[in-house]
Amino acid sequence: MKRTGAQIVWESLLQEGVEVVFGYPGGAIMPVYDALLDYPQIHHVLVRHEENAAFAAGGYARASGRVGVCMATSGPGATNLVTGLADAMLDSVPVVAITGQVASYLVGSDAFQETDVTGVTLPVTKHNYLVKDIGELPQVMKEAFYIARSGRPGPVLVDICKDVQFASTDFDYAAIKVRLPGYQPRLRGADEQIRRAADLINASRRPVILAGHGIILSGAHEELRELAERGNIPISTTLLGIGSIPESHPLNLRMMGMHGEAWTNHAIQSADLLIALGMRFDDRVTGNLASYAKNADVIHVDIDPAEINKNVVTDVGIVGDAKAVLGQLLPLVEYRDRTEWFAQIAEWQAEAKARDILAKQDDSLHVPFVLSELQRQIGGQQVTVVTDVGQHQMWTAQYYRTERKNGLLTSGGLGAMGFGIPTAIGASFARPDDEIWVIVGDGGFQMSIPELATIMQERRPIKIAVMRNGYLGMVRQWQELIHGHRYSEVSITSPDLMKIAAAYGMMGLRAETKAEVAEVIAEARSHGGPVLLDFVVEQEVNVYPMVAPGKALNEMWRRPMREREPVASA
Amino acid sequence: MPLVDHANGHTKKSPHVLMALVENKPGVLTRVASLFRRRGFNIESLTVGRTDNPAISRMTIVVDANKTNAAMVANNLFKLVNVIDVRDVTAEPTVSRDLALIKVKADAQKLFEINQMVDIYKAKVVDICPESVIIEVTGPEAKIESMIKMLEPYGILEMVRTGLVAMVRGSGYFSGLPPMDDNGNNGHHDDNGTGMAIYEA
Ligand SMILES: Cc1cc2nc3c(=O)[nH]c(=O)nc-3n(C[C@H](O)[C@H](O)[C@H](O)COP(=O)(O)OP(=O)(O)OC[C@H]3O[C@@H](n4cnc5c(N)ncnc54)[C@H](O)[C@@H]3O)c2cc1C
Ligand SMILES: Cc1ncc(C[n+]2csc(CCOP(=O)(O)OP(=O)(O)O)c2C)c(N)n1
Ligand SMILES: [Mg+2]
């Protein structure tokens, strides 16, 4: 069958099972947008800024495990994608970005809206292509999807010259063979390493499983739970590992790291064995490396060989897919009692509970209160929560305890403000049956206001909860604690959010006291359409525990037990 | 538990030689160079050249293991889609060669001495003029270093070196693609041939 380049783009997407594309048109991609009219099976979402197309594609991918697709024109359209691609790159999210490029005979001539997009995106994509010849396009489309979703997932960009979009060639997608001699992800672990890992596990007295995003990416939730239960081993999760095991599971110690639970960080520092599964020992996870888990052996399972021994020296490194490797490992793991270990952890937990901000008896409204009320109302229902970046993000990780599998979507590695709302738009297409909540700060919200129009145009019933503390809170916290209370450019005003909601035609709700919180959440949940919630929260509250940069994981700043008491250490 | 030592402060060089097979496609060298820059890998030398297979080029990369973790370089290179295979051959028996062109100040008097040295090093004088000569020397890096040292007293006017190329001794083959199966896998690194992780929402 003869097809034009523009048709080949859409036919390839159809063959890949793509139902929705997030994009923004412009000169160099016009033939593709023209051809879109002939492919009504694919729904195109017109975002209000290309950055949000990339975030939305990532949100779709994070929520579905399938490849998310975004599209933009050359030059400014393509450069606007960069932040969203960088986010997908750092968090291993499968995205295919399609951009128009000037005609092949103009490439390199500084033509109108020409930018070297494959050059610009080289470090923020898993791979990218510039297509100057129609003959290559079908092969490139198939490879792009294959690379994006296989092995360690990531974003792939396909930059297509405008003349290629007009040209035609024979097209038979099913007949194309992906031939990538240099790209062979390894899935099964080496038997010898599996055996050594099992020996370490069975001999350990104080083990901790470190469950990361790789568990979610490989769908190894059941295997993870089984490993913990069979071996009687506590689990802690990274920020991106939240949702790999229900937060209420008795063996789940919850999040580790800079703002992780104190007992979890103590457990890691006292462990004799770390079983790291699909996590990459990010510096927000380890704190100071020289003092990290000094007495622990390390088993590291990761699909990417370059992660093993990158930050932490591994005793047993296993390159492979988490699900496959755990399948090999499970039969060899034996139950151990470990009573002392669990008693020790329980002691740390009791100490921490006394410091919890929720234990504080006063009327002032703070974000953890809002989140625990949200959590209380949602319980085990099919709800997906998406956060933006900042204090509210960390509090969501701590206080919104999701029971839903993969129930929390957040920007981990890039920590990109402006992530929440477009990601929720993408997720809402992947999970049409979920109630979708966005938790966002007053800073991040103001990066995303234009997308409220997209939400309305697309009738997405998303609930957006703005935590309005009048500050770029996370930066303010650092200025308070690390820069001697010198506040520099962190105070931020907001427009009247009720008027914003009204202007966009969505429901607006506000809560200023603890007493109002339950009611506005309930009202938002019972409303069928999108809702903007304005939570007017206390301005200067800090996220604890906090491991200051460069400090050991067990040297945490803790919430003072009483008002005006200095920040406690350890 | 020890740490990965990113910079252990040793002063003595510990060169590691990596050989990489890469697809002969536009932009591949940029990808490799961009990787080195982005990860802060310190590269002593990098050469690229054709092989017996027109679809494949071969790189020889020398890193100083005291400054840069050679295994990390290899693992990250291997992640690039266009890099077919990477091998650290430091511990293997290899033939390695560097080529230098050295322009040395030489009047008629000094020429005799220089010619003798050229003979000893099995080098060649490839250009000669009244005030200078150009010497071509090939060999392992140590030999070149040694010759440079000997020529220094005469006054080196200009020098260019190609960087190291290496080949493992014996009849093993590292410059072409092994046959592929129907999935496009060459059986090098994949155990089940699908290359796919399994996803769930
Ligand atoms: C303000 C802020 C504060 C933060 N504080 C914390 C904190 O306190 N604690 C915390 O944990 N994080 C924190 N983070 C997030 C942190 O920066 C990292 O993003 C996060 O720790 C990474 O988690 P991960 O390693 O599980 O996931 P990723 O970075 O996504 O890594 C996943 C790993 O799994 C591997 N993998 C992928 N697929 C598979 C597969 N199929 N099988 C096996 N392996 C696979 C990948 O190769 C990779 O190594 C914070 C972020 C922000 C913005
Ligand atoms: C795009 C971007 N710019 C800057 C930052 C640095 N930064 C991290 S958190 C933060 C403050 C976020 O403020 P807000 O959205 O109000 O959330 P809060 O911390 O107050 O909950 C900033 C500026 C960032 N992460 N992303
Ligand atoms: Mg704020």
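Read-outs throughout are calculated quantities, based only on the coordinates presented, and are distinct from any laboratory measurement. Keep in mind the model is a prediction, meaning the values are calculated, not measured. In this analysis, Cβ positions are derived from the backbone assuming ideal geometry, glycine residues included, and neighbour counts consider all displayed protein chains.
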Between helix A:5-15 and chain A, what is the angle of the helix's C-alpha long axis to the longest principal axis, kept within 0 to 90° and rounded to the nearest 10?
40
Residue separation between A:Thr339 and A:Gln377 times 0.36 nm, minus their alpha-carbon distance, gives in nm 10.2 nm
So if R0 is 25 Å, what FRET efficiency would A:Phe166 and B:Ala55 give, r being the distance between their Cβ atoms, rounded to the nearest 0.05?
0.30
Decide, for the stretch A:55-192, between rounded, prolate and oblate: order the square roots of the alpha carbon gyration tensor eigenvalues as a ≥ b ≥ c, take rounded if a/c falls under 1.5, and otherwise choose prolate if a/b is larger than b/c, else oblate.
oblate
Using a Förster radius of 30 Å, what is the FRET efficiency between A:Asp363 and A:Tyr487 based on their Cβ-Cβ separation? Nearest 0.05, please.
0.75
For the pair A:Asp133/A:Ala290, report the inter-label distance in nm, with labels modelled 7 Å from Cα in the Cβ direction.
5.5
Relative packing of A:515-524, B:16-25, which averages over residues the other C-beta atoms within 10 Å, highest first:
B:16-25, A:515-524
Near A:Gly415, within a Cβ-to-Cβ distance under 11 Å, what is the net charge of the other residues, with Lys and Arg +1 and Asp and Glu -1?
-3
Over the Cα atoms of the stretch A:286-428, how large are the radius of gyration and the largest Cα-Cα distance (Dmax), in Å?
19.3, 53
Treat each spin label as a single point 7 Å out from the Cα along the C-beta direction, and report the A:Gln113 to B:Glu152 distance in nm.
5.9
Just to be sure I understand the model, the point goes 7 Å from the Cα along the line to the Cβ. What's the resulting B:Ser14 to A:Glu351 distance in nm?
3.9
With a Förster radius of 35 Å, plug the Cβ-Cβ distance of A:Gln41 and A:Lys405 into 1/(1 + (r/R0)^6) and report the FRET value to the nearest 0.05.
0.75
Amide hydrogen neighbours beyond the local backbone of B:Thr94, cut-off 5 Å, H modeled
B:Arg169
Long-range HN-HN contacts of A:Arg510 with modeled amide H, under 5 Å
A:Asp534
Amide H proximity to B:Leu157 below 5 Å, modelled H, separation 5+ or other chain, gives B:Lys103, B:Val104, B:Lys105
Only helices counted: for chain A, with every DSSP H run of 4 or more residues adding -39500 (n - 2.57) and the sum spread over all residues, [θ] at 222 nm is -10500 deg cm²/dmol
Whole-Hz couplings from phi, Karplus 6.51/-1.76/1.60, listed for the stretch A:529-537; x for Gly and Pro:
x, x, 9, 10, 10, 10, 9, 8, 10
Principal axes first, then extents: for the Cα atoms of chain A, list largest minus smallest coordinate on each axis, whole Å, largest first.
70, 63, 42
Within the protein assembly as shown, percent of DSSP bridges classed antiparallel, to nearest 5:
45
Quick note, the stretch A:268-339: a/c under 1.5 would make it rounded; otherwise a/b > b/c is prolate and the rest oblate (a ≥ b ≥ c, C-alpha gyration tensor); here it is oblate
Would you mind getting the Kirkwood hydrodynamic radius of the stretch A:236-298 from its Cα pairs, rounded to one decimal in Å?
11.9
Can you work out ³J(HN,Hα) from phi for every residue in the stretch A:481-494, in order, using Karplus 6.51 cos²θ - 1.76 cosθ + 1.60 and θ = phi - 60°, giving whole Hz and x for Gly and Pro?
8, 10, 10, x, 6, 8, 7, 10, 6, 10, 7, 9, 8, 10
Per its Cα gyration tensor (rounded if a/c is under 1.5, else prolate when a/b beats b/c, else oblate), the stretch A:1-119 is best filed as oblate
Range of Cα positions in the stretch A:356-543 per principal axis (Å), largest first:
46, 33, 33
Taking neighbour Cβ counts within 10 Å as the exposure measure, how do B:Cys129, A:Cys161, A:Cys70 sort from fewest upward?
B:Cys129, A:Cys161, A:Cys70
What list of ³J(HN,Hα) values in whole Hz, one per residue of the stretch B:53-61 in order, does the Karplus curve 6.51 cos²θ - 1.76 cosθ + 1.60 (θ = phi - 60°) give from phi, with Gly and Pro shown as x?
10, x, 7, 10, 10, 10, 10, 10, 10
For the stretch B:64-142, which GluC sites (Glu not before Pro) are both in a DSSP coil and crowded by at most 14 other Cβ atoms within 10 Å?
B:Glu131
